[in-house]
Amino acid sequence: MTFSNPLYFSLLALLVPYVIWYALRWRHSHPVMQVSNTYAFQGLRRSWKEYLVHAPFLLRMACFVLAVVALARPQTTNNWRTTDVEGIDIMLCMDVSTSMLAEDLRPNRVKAAREVAIEFISGRPNDNIGLTLFAGEAYTQCPMTVDHTVLINMLQELQCDMTAKGMIEDGTAIGMGLASAVARLKDSKAKSKVIILLTDGSNNRGDISPLTAAEIAKSFGIRVYTIGVGTNGLARYPMPVAGGVQYIQVPVEIDSKTLQSIAQKTEGEFYRAKDTQGLHEVYREIDKLEKTKLNVKKFSKRYEAFAPFALASALLLLLELLLRVTLLRRIP
């Protein structure tokens with residue numbers, strides 16, 4: 001526990017003159033009676049009130065001490081703590097184009113990819129993991145972080161409606177998505193740097209070709225695992241129509257050759273995920289990667305803790321007043 005205003009503890013020095021004043025006052029104000037012989041009083045037992053005669057004084061001192069502690073504002077520890085953990089740096093690069101709404105994976109492609117990714121992140125607490133999304137354009141949804149709660153919350157809210165809302169253009173800019181992920185990993189000091197690139201189509205947008213982006217990744221020592229999501233042939237796709245949704249069959253057009261070339265250039269692996277089991281295979285492969293030490297800073301939040309001390313001080317003051325006017329009331 002730390003204190004925001006420790007200078008208030010200097011007020012405790014006032015207790016010294018207060019104790020001296022109380023001792024002198026008690027000596028001069030305590031009633032006495034002189035008798036020639038105390039033999040007659042030897043058998044008398046002391047009243048329980050005599051044992052409590054100094055209780056108000058002690059309660060008032062305790063009340064003062066607790067009040068000073070409350071003024072000093074006790075707080076829980078609030079600092080950055082640096083630790084070394086074992087982990088790798090990973091960027092998830094996910095396709096969020098409208099074609100990811102196809103339902104050949106259950107409940108659909110994007111939700112299946114999202115749930116498996118969340119499971120993967122939960123099983124790797126020491127890794128720096130980030131998230132890049134792409135359709136016709138690419139952007140970083142979450143930079144690399146060990147605060148996986150934030151990352152998982154973002155993934156849980158992931159939808160394919162960004163193109164419908166006009167946030168990004170529809171399409172499949174694989175090269176742009178990969179280049180954006182590389183930009184987040186290029187300055188990493190980790191020995192193992194990985195991008196998991198997941199898409200269900202072929203590159204048809206963007207200013208950077210997928211193979212050019214792969215060359216850039218290779219130059220920075222980044223390994224790319226590529227996943228082509230979708231069954232062979234046709235896939236069930238929800239087409240919005242007036243008043244509802246009509247399901248149609250659309251062809252699955254995955255550029256497996258390009259995805260395989262990206263993986264080969266960067267010493268990664270290419271996977272065809274026809275179901276969620278294919279996604280699990282990717283993550284099991286990543287678990288085999290070499291780990292490296294990461295320097296991680298953790299922040300502990302500050303909480304005010306003065307309230308219990310202030311409440312205890314007020315209760316002791318009330319108790320002291322009650323004793324003075326009831327059980328320990330003195331008649332001049």
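Some notes on this structure:
- Relative pair counts by distance (%), Cα atoms of the chain, 20 Å bins: 24, 31, 15, 16, 11, 2
- Among the trypsin sites (Lys or Arg not before Pro) in the range 79-175, those placed in a DSSP loop whose Cβ has at most 11 other Cβ atoms within 10 Å are Lys165.
- In terms of the mean number of neighbouring beta-carbon atoms within 10 Å, the peptides 219-228, 261-270, 279-288 order highest first as 219-228, 261-270, 279-288.
- Positive contributions from Lys and Arg (+1) and negative ones from Asp and Glu (-1), summed over other residues with Cβ under 12 Å from the Cβ of Ile118, come out at 0.
- Placing +1 on the Cβ of every Lys and Arg and -1 on the Cβ of every Asp and Glu, with nothing else charged, gives the range 84-297 a dipole about its Cα centre of roughly 360 debye.
- Considering all C-alpha pairs of the range 121-185, those separated by over 13 Å amount to 64%.
- The helix-only estimate of mean residue ellipticity at 222 nm for the chain, built from DSSP H runs of length n ≥ 4 each weighted as -39500 (n - 2.57), is -11500 deg cm²/dmol after division by the residue total.
- Dividing the mean sequence gap of close Cα pairs (under 8 Å, 6+ apart) by how many residues the chain holds gives a relative contact order of 24 percent.
All of the numbers you see were taken from the coordinates with simple rules; none came from a lab. Model, not experiment: these values are computed from the prediction. Every residue, glycine among them, receives a Cβ derived from its backbone with ideal geometry; neighbour counts consider all protein chains shown.
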